[in-house]
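The values are calculated or read from the model by the stated rules, or taken from the named source; none is laboratory data. Keep in mind that this is a model prediction, so the values were computed, not measured. As a convention, Cβ positions derive from the backbone with ideal geometry for all residues, glycine included, and neighbour counts pool all protein chains shown.
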Amino acid sequence: MSKEFFSRTENYSEWYNQIVEKADLAEHSAVRGCMVIKPYGFAIWEKMQAALDKMFKDTGHVNAYFPLLIPKSFFSKEASHVEGFAKECAVVTHYRLRTSDDGKGIVVDESAKLEEELIIRPTSETIIWNTYKGWIESYRDLPLLINQWANVVRWEMRTRLFLRTAEFLWQEGHTAHATAEEAIAETEKMLDVYADFAENWMAVPVLKGVKTANERFAGAIETYCIEALMQDGKALQAGTSHFLGQNFAKAFDVKFTNKEGKLDHVWATSWGVSTRLMGALVMAHSDDQGLVLPPKLAPFQVVIVPIYKGNDQLQTVSEAALRIKKELEAKGISVKYDDRDTQRPGWKFAEYEFKGVPVRIAIGERDVQNGTVEVARRDTKEKESLQQTNIGEKIAHLLEQIQDNLYKRAVDRRNEQTNHASSYEEFKKILDEKSGFVYAHWDGSAETEQKIKEETKATIRCIPLNNKKENGTCIVSGKPSSQKVVFARAY
RNA sequence: CGGGGUGUAGCGUAGCCUGGUUAUCGCGCAUGGUUUGGGACCAUGAGGUCGCAAGUUCGAAUCUUGCCACCCCGACCA
């Protein structure tokens, strides 16, 4: 079907770019490092948002909105936080433009310099904790469970559509609690929400774990994460949930009176997932024929393509097609009926295949006569002719099967790409030959972690939760270790 | 910021070395017709500051210099 299309094995990163662009998900904008999310791509993001938003609300959270611009001084209040973000902040210094002296262009009006510069948020902890100070006085005000859907800017040097862009969309949850235990429970609960979403909606299996000190969020006591494995064997951090301790409460002086009448600093968490999930979704399931979408996140789950010669046939075929569409919609299935006369059926088949529509139904004069439809599933590319009787149920069942199959396929792939290394030599060999997740003993030191990163480009993705304890020795230093950690090269 | 590369129609490109006057081809687009069960075909047509600026020259897409943008590799990416 495709002309000059890179396969996954030929050039994985080119393959990814092509899918994103040709499936109409996003494109580069006129602004360096910033993308335009196109309607079809944004529809997928909206599905993600809707599912996540419901999960957040079901766990007691509410949405709010905080400013895009943050006073510079806020960033100096939490030392490690500023250190983590300083290098990638966009700064607003002026508030007015004027016509240049030669009259030909527009220049910054130097007389309109801000007294204090404003930072375009790279994340919102600072402005939110500054606000929380005014909201929290007593344990009765806690917990505070707030989420925000927003855009953030991080001035990345090298960007890739969805995976790393200078501006991206995300949600950030910021909660405040009376005790450390409660905050830790919240952090873990939200990690579970993310894992649930990744596995049951995106059909992407993830590893739950905690980050090493090196990889921890700037300002966090503990960073929990979900890590996914892409088809090329590279890991992708798909979501993080941070236990912030009392760091931000202390930095922004947020205290409350507890039940015993004593003053204490509030305990905090923050957690987020971004449009990067779109990248994970694309890379997890797609093949050399284009995008493959899990039914639960597809903008439309079924496309119906009529096949006809002339207007008379179109009428009878359309009647049948629209009847089927209604029947499917009654089962809660989203359907697009494409009766455009400007494109031929073969063109439409290829188009929807590339866009990853889970199920395609073709119906022509022949089917109208026989009471059948041709049903093609995107994941396996199998086609079969089905009786129209109970078509709603049949397709609903098929969509469930596709969702399950995608997940199983992804799990199998991840298992194949997960290995254990007992020596540094073996470790390097696995990384170079098989890639993927590598379990290995590590002595727990930042030096060893750094050395491995420099020599192999692999980082510790996480220390898995519920990890099996086993005594061993670090593959690099030979020092004792009580458990294996997970390494991988990452996006 | 270092190393390498590329800028010609919406996209992909030929021409550049060796300067010569209507800038090539394909896709796409428009119109008409025939088509329509896996990316149709024929005919006609529209579409260009050759990245920008200066220079050399009778003459520049082509040579020179400067600038700009983008891509790849690295540094960077809680």
Taking the criterion of being buried (at least 22 other Cβ atoms within 10 Å of the Cβ), assigned to a loop (DSSP other than H, G, I, E, B) and within 16 Å of RNA strand B (Cβ to nearest atom), would at least one residue in segment A:138-157 satisfy it? no
Failed item in (1) closer than 30 Å to A:Arg160 by Cβ; (2) under 27 Å from the mean Cα position of the chain (by Cα), with A:Asn466 passing the rest: (1)
Of (1) more than 11 Å from RNA strand B (Cβ to nearest atom); (2) surrounded by fewer than 13 Cβ atoms within 10 Å (Cβ to Cβ), A:Ala90 satisfies all except one. Which? (2)
For segment A:254-306, enumerate the residues that are among the hydroxyl-bearing types (Ser, Thr, Tyr) and buried (at least 19 other Cβ atoms within 10 Å of the Cβ). A:Thr269, A:Ser270, A:Ser274, A:Thr275, A:Ser286
Complete set of residues in segment A:5-39 that are of a type in the set (Phe, Trp, Tyr) and touching a strand residue (DSSP E or B) at 6+ places or on another chain (Cβ under 9 Å): A:Phe5, A:Tyr16
Pairs please, first residue from segment A:337-353 and among the aromatic types (Phe, Trp, Tyr), second anywhere and surrounded by 14 or more Cβ atoms within 10 Å (Cβ to Cβ), Cβ atoms under 7 Å, 6+ apart in sequence or on different chains. A:Tyr337/A:Ile304; A:Tyr337/A:Ala321; A:Tyr337/A:Leu322; A:Tyr337/A:Lys325; A:Phe349/A:Val305; A:Phe349/A:Arg360; A:Tyr352/A:Val303; A:Tyr352/A:Arg360
Would you please name the residue that is surrounded by the most Cβ atoms within 10 Å (Cβ to Cβ), looking only at residues in segment A:111-128 that are within 16 Å of RNA strand B (Cβ to nearest atom) and part of a helix (DSSP H, G or I)? A:Glu125
Within segment A:417-433, work out how many residues are closer than 17 Å to A:Leu207 by Cβ and loosely packed, with under 15 Cβ neighbours inside 10 Å. 1
Number of the condition not met by A:Val282 [criteria: (1) over 27 Å from A:Asp24 (Cα atoms); (2) assigned to a helix (DSSP H, G or I); (3) in contact with a helix residue (DSSP H, G or I) (Cβ under 8 Å, 6 or more places away or on another chain)]: (1)
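Each row is one residue, and each column tells you yes or no for (1) assigned by TED's automatic domain parsing to the domain that holds A:Arg360; (2) within 16 Å of RNA strand B (Cβ to nearest atom); (3) touching a helix residue (DSSP H, G or I) at 6+ places or on another chain (Cβ under 7 Å).
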{"position": "A:Arg276", "(1), (2), (3)": "no, yes, no"}
{"position": "A:Val292", "(1), (2), (3)": "no, yes, yes"}
{"position": "A:Gln315", "(1), (2), (3)": "yes, yes, no"}
{"position": "A:Ala330", "(1), (2), (3)": "yes, no, yes"}
{"position": "A:Asp338", "(1), (2), (3)": "yes, yes, yes"}
{"position": "A:Thr342", "(1), (2), (3)": "yes, yes, no"}
{"position": "A:Pro345", "(1), (2), (3)": "yes, yes, no"}
A:Phe74 fails exactly one of the following numbered conditions: (1) closer than 30 Å to A:Asn130 by Cα; (2) surrounded by fewer than 17 Cβ atoms within 10 Å (Cβ to Cβ). What is the number of that condition? (2)
Could you run through segment A:347-357 and say how many residues are more than 6 Å from RNA strand B (Cβ to nearest atom) and among the small types (Gly, Ala, Ser)? 1
Do you know which of the residues in segment A:145-193 that are of a type in the set (Lys, Arg) and under 27 Å from A:Val31 (Cβ atoms) is nearest to the chain's Cα centre (by Cα)? A:Arg164
Looking at this structure, is A:Ala185 modelled with pLDDT under 95 and farther than 19 Å from A:Ala410 by Cα? no
